[in-house]
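Bear in mind that the values in this text are calculations on the coordinates, not laboratory data. Please read all numbers here as calculations on a predicted model, not as lab measurements. Note that each Cβ is placed from the backbone with ideal geometry, even for glycine, and that neighbours are counted across all protein chains shown.
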Amino acid sequence: MTGDDGRGGGSKTCGCGSRMRAATSLGSECRVSGHGLTIEDPAPRLELKAERIEEAAHRSVELTEQGLPPRKIVERVFPNGNRRDRFFEWLTSREFSRLNFVRAAVRHAPKTFTR
C-alpha cells in the first residue's frame with residue numbers, strides 16, 4: 001500500500017486500490033469475474049470497489065492511531081459483517097478475514113497517511 005505502485009500517476013490515497021484502478025485503465029468492455037460471470041463495462045464497478053477498500057484502509061489506520069485494538073476496529077469499519085463473511089473466514093482458515101484486512105492496512109500504511 002504505497003502511494004504509487006509503479007504504474008505512474010500514483011494514488012491520492014494509500015494506494016491499496018491502485019491495482020484495481022490500473023485494471024480500469026485497460027479499457028476493456030467486459031471482464032469475467034472470479035466466479036465466471038461476465039461483467040459489462042467493469043470500470044465503474046472496479047472504481048467503486050477501489051474507493052471502498054481505500055476508505056476502509058484509511059479508517060483502520062485512523063482508529064489505530066486513536067488507540068483502538070484491531071478487533072474493535074473491525075467492529076467499527078465493518079459494522080454489517082454477515083454470515084457470508086464469517087463463512088469465507090472459516091473456509092480460508094482465517095486467512096481471508098476482516099481482521100487480517102485491518103492488520104494489513106495498518107502494517108502497510110505510509111508513514112504520512114493523508115487523504
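With +1 on each Lys and Arg Cβ and -1 on each Asp and Glu Cβ, and nothing else charged, work out how big the dipole of the stretch 18-107 is about its Cα centre, in Debye to the nearest 20.
I would put it at about 440 debye.
Considering only DSSP states other than H, G, I, E and B, which chymotrypsin sites (Phe, Trp or Tyr not before Pro) in the stretch 54-109 qualify as loop sites with at most 14 other Cβ atoms within 10 Å?
PHE96
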Given labels modelled 7 Å from the Cα in the Cβ direction, how far is it in nm from ARG59 to ARG103? 2.1 nm
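Would you order ARG76, ARG103 from fewest to most other beta-carbon atoms within 10 Å of each residue's own beta-carbon?
Neighbour counts put them in this order, fewest first: ARG76, ARG103.
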Highest to lowest packing among 31-42, 60-71, scored as the average C-beta count within 10 Å: 60-71, 31-42
